[in-house]
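First the structure, in the form of structure tokens, and then the observations on it.
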Amino acid sequence: MLEIEDKEQQSLNPDFWNDSKRAESILKSIKLHKKIVDEFKENESAIEELETLQEFFKEGELSEEELDIQYIQTKEIIDQLEFKTTLNKKEDELSCILEINAGAGGTESNDWADMLLRMYKMWTDKKDFKVSLLNRTDGDVAGIKSVEIEIEGDYAYGLLKGENGVHRLVRVSPFNSQGKRMTSFASVFVHPMVDDSIVISINPADIEWDTFRASGAGGQHVNKTESAVRVRHLPSGLVAECQEERSQHMNREKALKMLKSRLYEVELEKQRAEKDEIESSKMKNEWGSQIRSYVLDDRRVKDHRTGYTVNNPDLVLNGELDGFIKAFLMWVGGKH
């Protein structure tokens, strides 16, 4: 509450809107924290109401069925709040960049990467999050070799950070004339998208810029000019590319923001490793670390970390990911 009051006082300052980006960041933070407070109040009210109904039940003024209904509703509110408390790190509130790379296997893996992109887009639609395409390299026959999208929304990074890792698909391939069962892999990487509340300083002498013509979808105008940009951070070797905008200037601005986001993710990984060796970053970066299997003919999708399983792959591939997300966050929360 004190943090909300402090930020509301800042918003009353006559110079508040001199820095519009900072002002918007503060107002967003106020909104998020007020929402959390409201959820805690809703939780308290539900518990108080349940206690009152228990007294009515003891006095014979309420049926057991009515009490059970209230109990189930209250439990759902408490469970949801417990889930929300797992998103307690500063970076969890941020938007994110989600990157998908097809594994070895040509067309089959490229198609799988495209299926994953569709799955995440359908999930973001359900959340009313905004999605922007940053980069896309199409497969030679079908699907995509790699893609990067920006997902804007409250707690986008916190919700999706558990998607980091290798996703495995097992199915009878539509690209195989013999109808053989095929296994494909694609890796998913999720980075927090830094905003003005996080300062990442980069020495201009440490970066190198390239320009090139945008590839893939984008229209003739995009492909005629060298509007796409690539920035390389020399000390770390990290690279960011952007071809979203027609303007090279705007692509440079977005690419630099992407680079800062990756540097921030590297720093977060160092901090996690220092705090807890068990929760290492290897699972996120090793190609062989499968986090989830999608076995279409056996009708199941299983997360290998939490054991959470859904026996309807169509639902999952149509963006029903909340069960996996919740199971992962509760699993990680239980380890600490």
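With contributions of -39500 (n - 2.57) from each DSSP H run of at least four residues, the per-residue ellipticity at 222 nm computed over the chain stands at -15000 deg cm²/dmol.
Principal axis extents of the C-alpha atoms in the chain (largest first, rounded to whole Å): 78, 68, 42. Put a dot 7 Å past the Cα of residue 90, heading toward its Cβ, do the same for residue 295, and the two dots end up 4.4 nm apart. Does the stretch 72-159 come out rounded, prolate or oblate, given a ≥ b ≥ c as the square roots of the eigenvalues of its C-alpha gyration tensor, rounded meaning a/c under 1.5 and, failing that, prolate meaning a/b above b/c? Prolate shape, in that a/c is at least 1.5 and a/b is the bigger ratio. Scanning the chain for trypsin sites (Lys or Arg not before Pro) in DSSP loops with at most 12 neighbouring Cβ atoms within 10 Å leaves 1-179 as the longest stretch between them. If a spin label sat at a point 7 angstrom from the Cα of residue 52 along the line to its beta carbon, the backbone N atoms of the stretch 68-92 nearer than 15 Å would be those of 70-71, 74.
Computed from the C-beta positions of residue 68 and residue 121, the FRET efficiency with R₀ = 30 Å rounds to 0.15. Only lysine pairs 8 or more places apart, or on different chains, with alpha-carbon atoms under 27 angstrom apart are counted in the stretch 2-84, and they number 25.
When its C-alpha radius of gyration is set against 2.2 N^0.38 Å (N residues), the stretch 2-84 gives a value of 1.68. Rounded to the nearest 20, the size of the Cβ-charge dipole of the stretch 2-84 about its Cα centre is 880 debye, with Lys and Arg at +1 and Asp and Glu at -1.
For the chain, a crude dipole built from +1 on the beta carbon of Lys and Arg and -1 on the beta carbon of Asp and Glu, taken about the Cα centre, is about 2060 debye to the nearest 20.
None of the figures in this text is laboratory data; all of them are computed from the coordinates on show. This is a predicted model, so every value here is computed, not measured. Positions of Cβ are backbone-derived with ideal geometry, glycine not excepted, and every protein chain shown enters the neighbour counts.
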